[in-house]
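K.L.:
Just passing along the structure, written as C-alpha cells.
Each value in this text was obtained by applying a stated rule to the coordinates, not by laboratory testing. All values reported here derive from a predicted model rather than from experimental measurement. FYI the Cβ positions are ideal-geometry reconstructions off the backbone, even for glycines, and counts take in every protein chain you see.
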Amino acid sequence: MKMNRMPKLRFKEYSGEWEEHELGDIAKFSKGKGIAKFDIHEDGAIECIRYGELYTHYNETINNIVSRTNLNSKELVLSQYNDIIIPASGESQIDIATASCVLKDGVALGGDLNIIKTKQNGVFLSYYLNNKKKLDIAKLAQGISVVHLYSSQLRTLTLNLPNDDEQQKIASFLSAVDSKIDRLTRKKELLEQYKKGVMQKIFSQELRFKADDGSEFSEWEEKNGNLLFESISNKDHNSDLPILAITQEHGAIPRDMIDYQVSVTDKSVETYKIVEIGDFVISLRSFQGGIEYSNYKGICSPAYVILRKRIELNNQFYKHYFKTEKYIKLMNKNIEGIRDGKMISYKQFSDILLPLPSHEEQTKIANFLSAIDTKIDLVAKQLDEVKNFKKGLLQQMFV
C-alpha cells in the first residue's frame, strides 16, 4: 500500500506529495571537538555549545548562546548558519534524539555532537527531527549504560520533504509559536521574581500596608507556632472522603486530580486523618518549604502532621509566609541533626516563632500576594495552551 506523503495540516497554497529522501542524500556529517566543563568562562571570547546543553537549555532553534570559552578558535569546530546538531551520546535513546538548528556562524561546537550540514531549511529539519522523527532516531541509537548515535546511522534516516518555500513557511510559523512560548515563559519568570522580592520586603516589614483610613497598623507580634496552630488527628470518617496527595506544586489535592497512583488497603485508609479546607499539612521529611495548604476536604496518611488555626487568622497570609526563604531557613536550622527519613514533628514546628500582624493587615497582605498569584496562574494557563497548540501542530504538519 502506497504511503500518503501529505501532512494532515497544511497551508492552503500548497498541494501535492512530499518527496522521500534519506538524510545521507541531502546532508553532510561531521563531529564537534571537545570543550570540557572547565573550558567554560563567563567572559570567554568565543560562544560555544556543549552537547549536554541541548537537553537543558535549547529547543529546536538556537539563537542565544549560554556558554563561552577562551580556547583557541583554530583548535575548535565552528558552526555555520543552518547547521543542525544532535548529541552523539546520552543517557537514553529518547534523550539522544534531540535536534537543534544553530542560527549563528562561528559558535564552537563541542565534542559528542553530530553536525549535519544541508541546503535544506535547517529550522524545518530541526522541528521535523525533534518531533515526528524522534522515535525513528531513538531506534538508531545503540548502547546500554551510555547510548551512542553515529553519523553512519543518521544517514539511513528516511525523510519526507516539501519544497523549499513550504519548508520556510512551516519553519517561520513554528518559530513564531516558539517566540510566543518564550515571551510567556519570561513573563511568568518576571512575575515570580517580583513576587519573591516583594515577599521579602513584606515579611521583613520593610514594606508595610496601611489601614483603609490611612492610619498605621500596630507592630507585629511573634508567637510560637503551637500558640497559633494546633495539631489535629481526627480519624472519624467512613473512608468515603477523597485521599489527598500532599504536593509542593499543588498543595493538598485529591490524588485523582493529578494522576497520583499509590495503592492502599481499606484497613490502612481507616487510620487516615481528616483534612479540612484551610488546614495546613507538614509534608516533607527533609524540609524545603513543605507546609502545604489544603483547598479540599479529604483524608491523608497518619504520618502527616495536620495544622489548624487556634485563633482568628488569615490562612492565606500564612500560606504565603510558610513559603518564604526566611521561614524555610528557620525551620532548616531547627531540624539540623535529625535522622534522614524522620518526619518533621509538631514540636519542631512549635519551636519556631511566627509573625502575628493584626488580622486586618494579614488580610491586606494576603489579598495583595494572592492577586500576584492570580496573574502568575493566568500566564501559566496561557503558556500551557500555547504549548499544547504547538504539540498539535507538530503532530499534524509533518509526514
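K.L.:
Sort 12-19, 242-249 for me by packing, meaning the mean count of neighbouring Cβ atoms within 10 Å per residue, highest on top. List each step's numbers first, then the result.
P.N.:
Details: 12-19: 11.2, 242-249: 17.5.
In decreasing order of mean packing, 12-19, 242-249 become 242-249, 12-19.
K.L.:
At q = 0.06, 0.10, 0.13 Å⁻¹, work out log10 I(q)/I(0) for the chain with the Debye formula, treating every Cα as an identical point scatterer and leaving solvent out; two decimals please.
P.N.:
For the chain, the Cα-only Debye profile gives -0.39, -0.89, -1.08.
K.L.:
Now, a different point. List the pairs from Lys180/Lys201; Lys180/Lys390; Lys31/Lys132; Lys188/Lys297; Lys169/Lys390 whose alpha-carbon separation is above 21 Å, in the order I gave them. Provide the component values of the computation, followed by the final result.
P.N.:
Numbers: Lys180/Lys201 32 Å; Lys180/Lys390 10 Å; Lys31/Lys132 24 Å; Lys188/Lys297 30 Å; Lys169/Lys390 15 Å.
In this structure, Lys180/Lys201; Lys31/Lys132; Lys188/Lys297 exceed 21 Å between Cα atoms.
K.L.:
How long is the gain from Leu330 to Asp43 if the chain were fully straight, where each residue apart is worth 0.36 nm and the alpha carbon distance is subtracted? Show your work: numbers first, answer last.
P.N.:
Values: separation 287, 0.36 × 287 = 103.32 nm, distance 3.70 nm.
Taking 0.36 nm per residue and subtracting the Cα distance, the gain is 99.6 nm.
K.L.:
OK, next. Sum up the charges of everything whose Cβ sits under 12 Å from the Cβ of Thr185, counting Lys and Arg as +1 and Asp and Glu as -1, but leave Thr185 out. Spell out each step's value before the answer.
P.N.:
Details: positive: Lys180, Arg183, Arg186, Lys187, Lys188, Lys387; negative: Asp178, Asp182, Glu189, Glu192, Asp384.
My count for the surroundings of Thr185 gives +1.
K.L.:
Within region 96-118, what residues put their amide N at less than 16 Å from the label point 7 Å along the Cα-to-Cβ vector of Lys28?
P.N.:
106, 115-118
K.L.:
Another question, if that's okay. With the Cα gyration tensor of region 126-269 in hand, give its eigenvalues times 5 under a square root as the equivalent ellipsoid semi-axes, listed largest first in whole angstrom. Before the final figure, lay out the partial values.
P.N.:
Numbers: eigenvalues 523, 196, 49 Å².
They are 51, 31, 16 Å, listed largest first.
K.L.:
What percent do you get for the relative contact order of the chain when only Cα pairs under 8 Å and 6+ apart count? Numbers along the way, then the final one.
P.N.:
Details: 679 pairs, mean separation 66.8, N = 399.
With pairs under 8 Å counted, the relative contact order is 17 percent.
K.L.:
Given N residues in region 19-161, what is Rg(Cα) / (2.2 N^0.38 Å)? Don't skip to the end; give the middle numbers.
P.N.:
Working: Rg = 14.3 Å, N = 143, 2.2 N^0.38 = 14.5 Å.
The reported ratio for this selection is 0.99.
K.L.:
So for each of 176-184, 346-354, 215-223 I average, over its residues, the number of other beta carbons within 10 Å; can you give me the resulting order with the highest mean first? Walk me through the intermediate numbers first.
P.N.:
Values: 176-184: 14.7, 346-354: 17.1, 215-223: 11.3.
So the order, starting with the most tightly packed, is 346-354, 176-184, 215-223.
K.L.:
About its Cα centre, how strong a charge dipole does region 1-138 have in debye, to the nearest 20, once Lys and Arg get +1 and Asp and Glu get -1 at the Cβ?
P.N.:
Values: 18 positive and 19 negative charges, 77 e Å.
The calculation lands at about 380 debye.
K.L.:
Right, something else. Among Lys319, Lys196, Lys333, which one shows the biggest mean-square fluctuation in a GNM of the chain, springs joining Cα atoms closer than 10 Å?
P.N.:
Largest GNM mean-square fluctuation: Lys333.
K.L.:
Using the per-residue mean of other Cβ atoms lying within 10 Å as a proxy for protection, in what order, highest first, do the peptides 76-83, 322-329 fall?
P.N.:
76-83, 322-329
K.L.:
What is the distance, in nm, between label points placed 7 Å from the Cα along the Cα-to-Cβ direction at Glu75 and at Gln168?
P.N.:
Modelled inter-label distance: 4.1 nm.
K.L.:
What size of dipole, in debye to the nearest 20, comes out for the chain about its Cα centre when the only charges are +1 on Lys and Arg C-beta atoms and -1 on Asp and Glu C-beta atoms?
P.N.:
580
K.L.:
With respect to the cross-link table entries Lys37/Lys329; Lys133/Lys387; Lys235/Lys326; Lys12/Lys119, which display a Cα-Cα separation exceeding 28 Å?
P.N.:
Values: Lys37/Lys329 32 Å; Lys133/Lys387 19 Å; Lys235/Lys326 33 Å; Lys12/Lys119 25 Å.
Violating the 28 Å limit, Cα to Cα: Lys37/Lys329; Lys235/Lys326.
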